[in-house]
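Following: one structure in C-alpha cells, then a few remarks.
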Amino acid sequence: MTVSVSASRVALAGGIALSSVALLSGTAFAHVSVQPQGEAAKGGYATVNIKVPNERDNASTVKLEVNFPLDHPLASVMPQPVPGWKAVVTKSKLGKPLEMHGKKINEAVSKVTWTADGSKIGPGEFQQFPLSLGRLPEDTDQLVLKAIQTYDNKEIVRWIEEAKEGAEEPQNPAPVLKLSAASGDHHGAATTTAPTTGPSAAASASGDAKAGHDDKAGDHEEKTASASSSSSDTTARILGVIGILVGIAGVAFGVLAGRRRSA
C-alpha cells in the first residue's frame with residue numbers, strides 16, 4: 001500500500017513538472033526566430049527559415065522586417081517567394097568592400113521586408129519566410145538578425161534585444177543564427193576522411209567485410225563452446241542424480257532380501 005501511494009505521488013509530481021516545462025517552453029519559443037535548414041557553416045551558404053508566430057489574440061501580423069548586420073555582411077540574401085506576401089530586399093554600401101569569387105562587392109543586404117499582400121498571420125498561427133544566405137562570415141560564431149513585427153492594429157514588436165551570457169533571456173530576444181565550423185568546400189557540404197570509390201575503397205570494404213565475418217565466426221564459436229559446456233554440465237548433473245537413485249534402490253533391495261531370508 002505504501003509503495004503504491006509513493007508511486008502515485010512520484011507520477012503526479014512528474015506530470016506537474018512536465019506540464020510546467022511544456023508551458024514554459026511554449027512561451028519561450030513563441031518568438032520570432034531563425035532556423036537553419038541543414039548546416040550553416042562559416043564561409044559557406046545556407047538556407048534558413050524566419051519563423052514568425054502570432055502572439056496576439058485580437059490582431060494579425062501583416063509585416064515583418066529582418067535586419068542583417070553590416071559588421072559581418074552578406075553579399076547574397078535571396079528570399080523565396082511566399083504566397084500572399086511581397087518581399088523587398090534593401091542593400092547598403094559597405095565601408096570595406098567584400099571579395100567574393102574574385103570580385104569586389106561594395107554593398108551588402110541590410111534588410112529584407114515582407115508585407116502582407118492578400119495574406120496575414122492570424123491568432124494562433126505562424127508563418128515561415130525562407131531565405132538563401134551566403135557567403136557566411138568566417139570571423140564570428142553567430143549572426144544576430146534583429147526583427148520588427150507589425151500587427152494590423154498598428155502595434156509594433158521589436159525583436160532586437162541581444163542575449164547576454166549568464167543572464168536571463170530578454171523579453172524580446174533578437175533571432176540568432178548559430179554558425180558551425182567551416183567545411184572543406186565552403187558550401188556546407190560534409191567532408192569525408194575515407195575513400196568512397198576506387199580500388200582503395202574496394203579493398204577497405206573487403207577488409208571490413210572480412211573482419212566482420214571473422215568477428216561473427218568467433219562469436220559463433222564462442223557461443224557454441226558455451227552451449228556445449230552448459231550441456232555437458234547438465235548431463236553430468238543428471239547422471240549423478242541417477243547414480244544416487246540407483247544406489248538407494250540397491251540398498252533398499254538388499255535390506256528386503258535379508259529380511260526374507262531371516263523369515
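The values are calculated or read from the model by the stated rules, or taken from the named source; none is laboratory data. All figures in this text were calculated on a predicted structure; none of them were measured in a lab. Virtual Cβ from ideal backbone geometry, glycine too; neighbours counted across all protein chains shown. In case anyone asks, the SASA skips ligands and DNA or RNA and just uses the protein heavy atoms, side chains included. Shrake-Rupley method; radii C 1.70, N 1.55, O 1.52, S 1.80 Å.
Some observations on this one:
- Residue in region 56-64 that is open to solvent by less than 20 Å² (accessible area, probe 1.4 Å), under 12 Å from V109 (Cβ atoms) and in a loop (DSSP other than H, G, I, E, B) present: no
- Residue ID - most open to solvent (accessible area, probe 1.4 Å), chosen from residues in region 107-154 that are at pLDDT 95 or above, under 18 Å from N49 (Cα atoms) and of a type in the set (D, E, K, R): K120
- Selection from region 65-86 of residues that are surrounded by 18 or more Cβ atoms within 10 Å (Cβ to Cβ) and out of contact with any Ser or Thr (no Cβ under 7 Å at 6 or more places or on another chain): V66, P73, L74, A75, V77, P79
- Apart from one condition, K178 fits all of (1) in contact with a Leu (Cβ under 9 Å, 6 or more places away or on another chain); (2) modelled with pLDDT under 85; (3) open to solvent by 80 Å² or more (accessible area, probe 1.4 Å); (4) of a type outside the set (S, T, N, Q); the exception is (2).
- Given (1) more than 24 Å from D57 (Cβ to Cβ); (2) modelled with pLDDT under 95; (3) out of contact with any His (no Cβ under 8 Å at 6 or more places or on another chain), number of the condition Q171 does not satisfy: (1)
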